[in-house]
Amino acid sequence: MASLKYWLWLASLPGVGNILKLALLDRFGEPDAVFYGEKGAYLLVEGMTPGAAKALENKSLDRANEILGDCDRLGIRIITIRDSGYPVRLRNIYDPPLLLYAQGRMPLFDEEVAVTMVGTRGASLYAQQAAEKLAFQLAGLGAVVVSGLAKGGDAAAHRGALRSGGLTAAVIAGGHDVIYPPENGQLYADVAARGVILSEYPPGTRHDGRHFPVRNRILSGLSLATVVIEAPARSGALITADRALDQGRDVFAIPGHLWDENCTGSNRLLRDGAGLITDVWDILRHYVDLYPHKLKYAHPEEPVRYGGEEPPPKPEKKREKEPELPVLNLSEDNGLTDDQMSILRALNGRTMQVDDIIDETQIPARRVLSALTVLEIDGRVTQSAGKRFALAVALEGA
């Protein structure tokens, strides 16, 4: 592993964009090799410009050594994209950050039901209450609540997760030692003490307005799903939702007042197909089968208490026997194609996304999508949010 000072030199070098830095790392192998490279070799990298090549001729390590000192003083870990602690979810997005500055306890995001919650800074009282209660329930049931430590919905989400005693993670758009907004100073300390604060910006960096849209790809990239709490037509929360969709993640939204401009963007997300949230299980039911060891309840049988509130009494009723699925015998002549039968066997007892089915069956994507369409029309598979498929029949002769 190259010395951290070369990672910091490359990550903090002005005049070279993140995509180009990743391309340099891909071509040269290690940041120290980039450091000792020459202009002619730089110009062979795809996307290289004369200006960026000129910037790479700056071989000073002063800034890198300064950052190392600041991180040591503030108790901040540096996690590079090559480190085992760097989340694979994040590494696999289009433009992952070269490194992360982490303060606090870093969860293993790849093994967690991480849910990002974002909303407008000018959130209504309703939105703040909804965000805090939903985050309390999510974290209390075993999910990791991720947000941006901004005022409004973000702060409410972190408060709710902290109140539950669960895990929360913040992704900020500046240095850890630059508190923004200033009134969130205690919340910063609480999140760092009981969760983790992450940034791709070194200590001392101001929370510049240009950093927030860039930061949003990390918010969505760490999580399985993004929840939009409340968002007007033009909102950073909608940018995060767009990033989540680009990254193949699920998007949910809390319904808002019909004529409230603060809710225009989040309500449009619902109109366009985002998952509607009426309770916490509208989110978690999609991940129970995938992460049964992480979520505290396998089914939404018990209401989740919020703070000191008591759940409403449940009426006494006899548990009805779940309806039996129709039986499909694969050993009989049933008109199924080979592709359809392979997909049914792969889904037996599991809920799978399309990419997982392709990997499992080794059938080309076009044929898998075609077979799934026919199977869904025929009532043999069902599709849920996030293009997850499951059997609608019980197989025999599989």
Straight-distance crosslink candidates among aspartates and glutamates, where the alpha carbon sits under 18 Å from LYS59 and sequence neighbours closer than 8 are dropped:
GLU30, ASP32, GLU38
In a shell of Cβ-Cβ distance under 12 Å around GLY119, excluding GLY119 itself, what net charge do Lys and Arg (+1) and Asp and Glu (-1) give?
-1
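Just to confirm a number: summing +1 for Lys and Arg and -1 for Asp and Glu over residues other than LEU328 whose beta-carbon lies under 13 angstrom from that of LEU328, what do you get?
On the way: positive: ARG345, ARG380; negative: GLU324, GLU332, ASP333, ASP378, GLU396.
Net charge around LEU328: -3.
Run the helix sum for the chain: -39,500 (n - 2.57) per DSSP H stretch of 4+ residues, divided by residue count, reported at 222 nm to the nearest 500 deg cm²/dmol. List each step's numbers first, then the result.
On the way: 17 runs with 154 residues, N = 398.
Computed ellipticity for the chain at 222 nm equals -11000 deg cm²/dmol.
Tell me the relative contact order for the chain as a rounded percent, counting alpha carbon contacts under 8 Å between residues six or more apart. Before the final figure, lay out each step's value.
On the way: 710 pairs, mean separation 45.9, N = 398.
Over the chain, the number comes to 12 percent.
Between ASP272 and ASP378, what FRET efficiency comes out of the Förster formula 1/(1 + (r/R0)^6) with R0 = 30 Å and r the beta carbon distance, rounded to 0.05? Kindly include the intermediate steps, with their values, before the conclusion.
Details: r = 28 Å, r/R0 = 0.93.
So the FRET efficiency works out to roughly 0.60.
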Other residues with Cβ under 12 Å from the Cβ of PRO232 give, with Lys and Arg +1 and Asp and Glu -1, a net charge of 0
Given pairs LYS21/LYS294; LYS21/LYS133; LYS5/LYS54; LYS133/LYS294 and cut-off 30 Å on Cα-Cα distance, the over-length ones are LYS21/LYS294; LYS21/LYS133
Between 0 and 90°, nearest 10: helix 236-246 axis offset from the chain longest Cα axis:
70 degrees
Any chance you could give the angle, 0 to 90 degrees and rounded to 10, that helix 153-164 forms with the longest Cα principal axis of the chain?
70 degrees
If you split all Cα-Cα distances of the stretch 220-260 into 5 Å bins from zero, what percentages do you get per bin, shortest first?
6, 26, 31, 21, 12, 4, 1
With label points set 7 Å from each Cα along the Cα-to-Cβ direction at ARG285 and GLN129, the distance between them in nm comes to 2.5 nm
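For ARG121 and ALA394 in one chain, what is 0.36 nm times their gap in residues minus the Cα-Cα distance, to one decimal in nm? Don't jump to the answer; show the numbers that get you there.
Numbers: separation 273, 0.36 × 273 = 98.28 nm, distance 4.88 nm.
In short, 93.4 nm is gained.
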Considering only C-alpha atoms, what is the centroid distance from the stretch 165-238 to the stretch 11-85, in Å?
24 Å
Given the options PRO31, PRO50, PRO203, state which has the largest fluctuation in a GNM of the chain using a 10 Å cut-off (strictly under) for Cα springs.
PRO50
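Probe of 1.4 angstrom, ligands and nucleic acids ignored: what's the accessible area per residue over the chain, in square angstrom? Present the calculation step by step, with values, prior to reporting the outcome.
Details: 19590 Å² over 398 residues.
Heavy-atom accessible area per residue stands at 49 Å².
Which percent of the accessible area of the stretch 39-168 is formed by carbon and sulfur heavy atoms (probe 1.4 angstrom)?
50 percent
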ASP95 to ASP177: FRET efficiency via 1/(1 + (r/R0)^6), r the Cβ-Cβ distance, R0 35 Å, to the nearest 0.05?
0.85
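Rounded, prolate or oblate, given the Cα gyration tensor of the chain, with a/c below 1.5 counting as rounded? If you can, show how the numbers build up before the last one.
Values: a/c = 2.22, a/b = 1.36, b/c = 1.63.
In terms of gyration-tensor shape, oblate.
The values are calculated or read from the model by the stated rules, or taken from the named source; none is laboratory data. Predicted, not measured: the structure shown is a model, and the values here were computed from it. We place every Cβ from the backbone using ideal geometry, glycine too, and count neighbours over all the protein chains shown. Accessible surface areas use protein heavy atoms only, side chains included; no ligands, DNA or RNA. Shrake-Rupley method; radii C 1.70, N 1.55, O 1.52, S 1.80 Å.
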